[in-house]
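Presented below is the structure to which this report refers.
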Amino acid sequence: MAQRYNFRETELKWQSVWDDDGTFTAEADPAKPKYYVLEMFPYPSGRIHMGHLRCYTLGDVVARYKRSQGFNVMHPMGWDAFGLPAENAAMEKNVHPAEWTYQNIATMRDQLRAMGLSIDWSRELATCDPDYYRHEQAIFIDFLEKDLVYRQDGWVNWDPVDHTVLANEQVIDGKGWRSGAPIERRRLAQWFCRITAYSDELLEALGELDRWPQKVRAMQENWIGRSEGAYINFAFTGSRPDSLRVYTTRPDTIFGASFCAIAADHPLAEEIATGNDAAADFIEECRQLGTSEEAIQTADKRGFDTGLRVKHPFIAGRELPVYIANFVLMGYGTGAIFGCPAHDQRDLDFARAYDLPVLPVVVPQDADPASFEVGAEAFTGDGALANSEFLDGLDVEAAKREIISRLEDMDQGEGALNYRLRDWLVSRQRYWGCPIPVIHCETCGAVPVRKDDLPVVLPDDIDFESPGSPLDRHPTWKHVPCPSCGADATRDTDTFDTFMDSSWYFARFCSPDAEVPVARKDVDYWLPVDQYIGGIEHAILHLLYSRFFMRAMRDTGHLDLAEPFAGLFTQGMVNHATYRDEGGEWLEPQSVMQDENGAVVRIDNKAPVTVGRIEKMSKSKKNTIDPTDVIRDYGADTARWFILSDSPPDRDMEWTDSGVQGAFRFLNRVARLVTKNLDGLVPAGHEGFEDDTASSDLRRDVHKAIADVTADLERFQYNRAVARLYEMTNAVATALKSDACGPASRREALETLVRLLSPMMPHLAEEMWQSLGHTSHLCDVSWPVADQALLVDESVTYAIQVNGKLRGTVDLPAGTGKDETEAAARQVPNVADSIGDQEIRKVIVVPDKLVNFVV
RNA sequence: GCGGGCGUGGUGAAAUUGGUAAACACAAGGGACUUAAAAUCCCUCGGCUUCGGCCUUGCCGGUUCAAGUCCGGCCGCCCGCACCA
C-alpha cells in the first residue's frame, strides 16, 4: 500500500534547500520589475499566535505568487522589539529586558521558519539593536533641525499604571491603550512630532490610495477631522484690552449668538479661578467629570458665569455673557465658542438650562420666517437667513462667505481651516525604548547630540526595583557635558514612543546594512511597499505615523516618497469557540471532548461543559491554539491551507479542529493522486498533447482552473482559490481514474495542479514537482498561463425561463444562432407546459446563456 | 449623533458584478472495504411535494424581460469616531 506523505521530513528538507540556496535573498536590480511584500512585523512577545500565522501566510502567498510571475520580490522580516512588556518581564521575572527580548526573538524566528515562509532573512532587523536605533536618532536630529519636532510644555495624557505619557491616538475612551487605566492630565515638557504640518497633505493623499480599504481611509479622514469655519474675536466690555477668540463652523449664525463659553482648561478660566473660589471649584468639578462615553452622554450642560461680558461684533450695544462650560474642550479650536442655541443642540441645551435667548436665524425652506420657532431640537439644516440684518435671505453657504469677508474687513476674525489632528507626543518615561538624543544644558537649552556621538546607547546596568523612569534614576548615565558649551549638562532621560521605531523600518529593510538611515538607490528601487498586510487595529496609529514619517524624511532629504504603502490589506481575526466548566471557569479547547451522545464534556472527569460564544483567541478566555502544535501534528502546509480555506481573508474566521483535519486529508489526497499516477506519463518536458475527446476535456478543465485560480489570487480571494483547487482536484482525480486520457494530458493535469497549489502549500508542491521528474525547483518555475483557446466550451447549457423563472435547461453547441436557440428552447417539455396556451409577447435570447419567454 | 460594513442552508461560505441561488468545504446520516478500528472510496444532505414540479437570499415597496446583486423605506447586527463648536 502507498506510504502516507511524510510531511515532517519533507517540510524540513525543502526549508533547508531554500535556505542553503539563498532562494529568497533579494537584490535590487533596476532591470527587473520589483515587488515589495511586507507584513506588519511582530512584537517579540514570546511565541507566535494564530494572528501571526494568518498574516504571514497571506503575505507568503502574495510573495510566492508574485515571484512566480517574474517579479523581483523582496519579502523581509524583523522585530518590533522595544516596548513595555519587556520591562514588565524584567520586574516580574528578574530578567534583563534585552535578554528577554532576544530570547523571544530566537524562539519566534524558529517558529516562523517552520511555516516555510519565503523570507529574505539576510535583511532581518530588530528595533532594539543600536545599529537600528542610531539611525532613528539621526533622523530625529534632522527633523529637529527642520522644525519637524519640537519640545513643549503643556497638558499631556498620563497613564498612571504604565508611568508614562501617551499620544492622543493611544488614549481610547479616556483610557490607556495598553493598561486600560483612566488617563490623568499632567503638565510636562515633552517632545512632539509636528504631524499637523502635514494635516492637509495627509488628508488629500488618502484619495489616491486606491488599493487601501475604504474603511481605513475613512477612519484616517475622521481622525484628521478637517473642518471649515472662522475665528472670531469678541472684544470684552469695560477696560479689558484683549479679546476672546473663538472658533466656529457656523459664522453665519452670529446674529443668533446669545453667549460665549470657554473650556475649564482655558487660560482665561485659570486666570478667573485665582481669587475666585466658586470658579475654581467649578473648574475642578469639570476636571473630575469622567471622560467615558457614558459620562459624556448623561452629563448635563453646566456652566459658570464669569461675570465677564463681550461685545457682539455686528450689533451695537449687544453684550454676551461669558461662561466656563463643561462641554467646551480645550483641545479643539481655541477652547472657546460662541453659542447660537437655535442651531446647535449643545448650545440649545445650555441655553434652556440657563434661560438664555433662543433666536432662530436660519429658517427651513418651507417655513414662515415670522412664526418659525425652535423647540426641543436645534435646527441644523440649510435654509434662508433671517433676523440677521444684511444676511437676511441668503442661504447658509452664501451667508458664511459674506460674514467672513465682513469680519476680515473689520479685522475681527478670519476664515479658517481647522483640524482635529494634534501633534504626536513621542516622549515616554520608560527604559526599553530608543533614547532621545538630546542634552539639556542650563545655558544652551535643549541641544541635539552630535551625530558623530551616535548612537546614544541604553545603559545595561539598570534597576527596576523602584517606580518611575529607570534612566532618570541611573547614577551616571545622564551626566554629560553640553555639546555646545561644554558645561555640565544632562541627557534627556525619556525614550521614544515605539511607534517611532515602526514608522520607518520598512524603509530600513531596503538597505539594512547602510551607514546612513536609508541608502538612496535602494529605497528608490524598492519603495513603496507594494503590498502591506496587517491588522485593522493599526488603521490610525501605525499607518498614520508612517505616512507622516515618509513625508518628514522626504523633507529632510532622506528619500523622495510620500506614501509608504501603495497597497494595504487588513486581515480578519482568528476566532475560536469558548468553553466553561460548571463553576464558570474557562477551559482550554484541548481539555474538552464530545462524548458518545455528542455532548461536550471535560476529558478528565466527563463533567458537562458550556460551549460559549466564538470569540477572538485570547489568553484570558483560554481559547487559544498554538500554531506550533498544529505544525507539529499536521505540518505547515496543512496549517497554511486551512487558514486560507474557509473565510475571506479580510473577514474573521473560526479555527476548528475538524477544519484542520479536512485540510490534512486534502493534502494527503493530493500526494496520493500524484504518486499513484506517476506511471505511464510522458517524460517531464514533453511537448504536444493528445486531441482525443477525453484528453481535450481534461485539458479544458485544467486550463479553466488556471484562469480561475489566477484571477482569485490577484484579487486576494484565497478562499475561492482554495475551493476552485478542490474542484480541480476532484475533476483530475475522476479523469485519471479511467484510462481514456493520454499520457501528455495526464502529466499536464498533475503538474498544473501542483503548480497552482504551490503558493499555498509550498513544501508538498516542491516534493510532488520532484516526484514528477523535475530537477528544477518549483519556486523558480514561472506561473502557468491558461490557453485561451481551451477556455471556450464546445457546448453550453442554456437556462430557459418563462417570465424570468427557470423552467428548464437545454445543451446546445456554443455559438448557436438566436432562432435556432429559441426553437430548441420551445421544445423543452416543462417550458411548453408553463407557457400553456398563453401568448408569447416577447422572447429574450442572451447568447450562450439563457432564453426568457415573456407571456 | 457622524462615518464604514454586513444580513444567503445545521455551519464556514460561493454566485464570472443584473442572467440556472446554495459551487467548495465542515458537520450529520447511510453504504462499501476490514475479524475490528483507523485510513480510503461511494451515496444523501434548504423547504414543501400528489415525485410532474413548486417555493426559497432579514422585512416592505420600486426599476427591469430578468434582482441575492440596482434604487427608496424599514428592522437587526458588527466596527471606528464623538459634547470637535
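The values are calculated or read from the model by the stated rules, or taken from the named source; none is laboratory data. Just so it is clear, the model here is predicted, and its values are computed rather than measured. With ideal geometry, Cβ positions are generated from the backbone for all residues, glycine too; neighbour counts draw on all protein chains shown.
Assorted remarks:
- Against the conditions (1) surrounded by fewer than 21 Cβ atoms within 10 Å (Cβ to Cβ); (2) among the acidic types (Asp, Glu); (3) at pLDDT 95 or above, A:Asp173 satisfies every one except (3).
- Residue match in segment A:106-121 (condition: at pLDDT below 95, in contact with a helix residue (DSSP H, G or I) (Cβ under 8 Å, 6 or more places away or on another chain) and closer than 28 Å to A:Asp522 by Cβ): no
- Within segment A:655-680, the set of residues being within 14 Å of RNA strand B (Cβ to nearest atom) and closer than 15 Å to A:Leu753 by Cα comprises A:Phe666, A:Leu667, A:Asn668, A:Arg669, A:Val670, A:Ala671, A:Arg672, A:Leu673, A:Val674, A:Thr675, A:Lys676, A:Asn677.
- Of residues in segment A:305-328 being over 12 Å from A:Phe234 (Cβ atoms) and in a strand (DSSP E or B), the one farthest from RNA strand B (Cβ to nearest atom): A:Gly307
- Hey, A:Thr578 in contact (Cβ under 8 Å) with a residue 12 or more places away in the chain, touching a His at 6+ places or on another chain (Cβ under 9 Å) and not acidic (Asp, Glu) or not: no
- Pairs with Cβ under 9 Å, 6+ apart, first in segment A:142-157 and touching a residue at least 40 places away in the same chain (Cβ under 8 Å) and more than 17 Å from A:Met500 (Cβ to Cβ), second assigned to a helix (DSSP H, G or I) and of a type outside the set (S, T, N, Q): A:Asp147/A:Ala197
- Residues of segment A:130-158 that are more than 26 Å from the chain's Cα centre (by Cα), over 30 Å from A:Leu329 (Cβ atoms) and charged (D, E, K, R): A:Asp131, A:Arg134, A:Asp142, A:Glu145, A:Lys146.
- Leading residue by the ranking (farthest from A:Arg250 (Cα to Cα)) among those in segment A:208-234 that are exposed (fewer than 14 other Cβ atoms within 10 Å of the Cβ) and charged (D, E, K, R): A:Arg211
Yes/no per residue for (1) farther than 14 Å from A:Leu750 by Cα; (2) touching a Cys at 6+ places or on another chain (Cβ under 7 Å); (3) part of a helix (DSSP H, G or I):
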{"site": "A:Val670", "(1), (2), (3)": "no, no, yes"}
{"site": "A:Val674", "(1), (2), (3)": "no, no, yes"}
{"site": "A:Gly688", "(1), (2), (3)": "yes, no, no"}
{"site": "A:Asp691", "(1), (2), (3)": "yes, no, no"}
{"site": "A:Arg699", "(1), (2), (3)": "no, no, yes"}
{"site": "A:Val702", "(1), (2), (3)": "no, no, yes"}
{"site": "A:Asp708", "(1), (2), (3)": "yes, no, yes"}
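- Some residue of segment A:344-365 being without any contact (Cβ under 8 Å) to a residue 60 or more places away in the chain, touching a Leu at 6+ places or on another chain (Cβ under 7 Å) and either hydroxyl-bearing (Ser, Thr, Tyr) or exposed (fewer than 14 other Cβ atoms within 10 Å of the Cβ) (or both): no
- Of all the numbered requirements in (1) of a type in the set (Lys, Arg); (2) surrounded by fewer than 19 Cβ atoms within 10 Å (Cβ to Cβ); (3) within 26 Å of A:Ile172 (Cα to Cα), A:Arg547 misses one, and that requirement is (2).
- Residue check: A:Ser647 meets all listed conditions (1) part of a helix (DSSP H, G or I); (2) within 11 Å of RNA strand B (Cβ to nearest atom) but one, namely (1).
- Any chance A:Asp652 is of a type outside the set (A, V, I, L, M), over 13 Å from A:Leu750 (Cα atoms) and near RNA strand B (Cβ under 10 Å from one of its atoms): yes
- Among the strands (runs of 3 or more DSSP E) confined to segment A:216-277, the ones with at least 1 residues that are within 14 Å of RNA strand B (Cβ to nearest atom), polar (S, T, N, Q) and out of contact with any Ser or Thr (no Cβ under 7 Å at 6 or more places or on another chain) are located at A:243-248.
- Tally of residues being of a type in the set (S, T, N, Q) and under 27 Å from A:Asp787 (Cα atoms) across segment A:658-688: 2
- For A:Arg724, the conditions (1) of a type in the set (D, E, K, R); (2) surrounded by 16 or more Cβ atoms within 10 Å (Cβ to Cβ); (3) more than 15 Å from RNA strand B (Cβ to nearest atom); (4) within 29 Å of A:Thr693 (Cβ to Cβ) are fulfilled apart from (3).
- Taking helices (runs of 4 or more DSSP H) as the structural unit, those lying wholly within segment A:33-146 and holding at least 1 residues that are under 25 Å from A:Ala519 (Cβ atoms) and in contact with an Asp or Glu (Cβ under 7 Å, 6 or more places away or on another chain) correspond to A:50-68, A:130-145.
- Residue match in segment A:387-396 (condition: closer than 13 Å to A:Arg250 by Cβ, small (Gly, Ala, Ser) and buried (at least 21 other Cβ atoms within 10 Å of the Cβ)): yes
- Some residue of segment A:767-784 being surrounded by 12 or more Cβ atoms within 10 Å (Cβ to Cβ) and within 13 Å of RNA strand B (Cβ to nearest atom): no
The rows are residues; the columns are (1) under 20 Å from A:Val792 (Cα atoms); (2) touching a Ser or Thr at 6+ places or on another chain (Cβ under 9 Å).
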position: A:Ala684; (1), (2): no, yes
position: A:Gly688; (1), (2): yes, no
position: A:Asp691; (1), (2): yes, no
position: A:Arg699; (1), (2): yes, yes
position: A:Ile706; (1), (2): yes, yes
position: A:Thr710; (1), (2): yes, no
position: A:Asn719; (1), (2): no, yes
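- Residue within segment A:61-69 that is charged (D, E, K, R) and surrounded by fewer than 22 Cβ atoms within 10 Å (Cβ to Cβ) present: no
A quick yes/no check of all residues on (1) of a type in the set (Val, Ile, Thr); (2) touching a Gly at 6+ places or on another chain (Cβ under 9 Å):
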| position | (1), (2) |
| --- | --- |
| A:Pro42 | no, yes |
| A:His52 | no, no |
| A:Cys55 | no, yes |
| A:Asp60 | no, yes |
| A:Tyr65 | no, no |
| A:Val73 | yes, no |
| A:Met91 | no, no |
| A:Asn94 | no, no |
| A:Tyr102 | no, no |
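- From the list A:Gly335, A:Gly331, the one residue that fits, being at pLDDT below 90 and within 12 Å of RNA strand B (Cβ to nearest atom), is A:Gly331.
- In a residue-by-residue description of segment A:74-82, the property of being over 28 Å from A:Ala636 (Cα atoms) and in contact (Cβ under 8 Å) with a residue 12 or more places away in the chain applies to at least one position.
- When segment A:408-424 is filtered for residues that are away from RNA strand B (no atom under 14 Å from the Cβ) and farther than 28 Å from A:Phe499 by Cα, the ones remaining, listed by number, are A:Glu408, A:Asp409, A:Met410, A:Asp411, A:Gln412, A:Glu414.
- Among (1) part of a strand (DSSP E or B); (2) at pLDDT 90 or above - the single one A:Leu203 does not satisfy: (1)
- For segment A:802-855, the set of residues classified as touching a residue at least 24 places away in the same chain (Cβ under 8 Å), within 8 Å of RNA strand B (Cβ to nearest atom), within 20 Å of A:Val792 (Cβ to Cβ) and in a strand (DSSP E or B) consists of A:Leu850 only.
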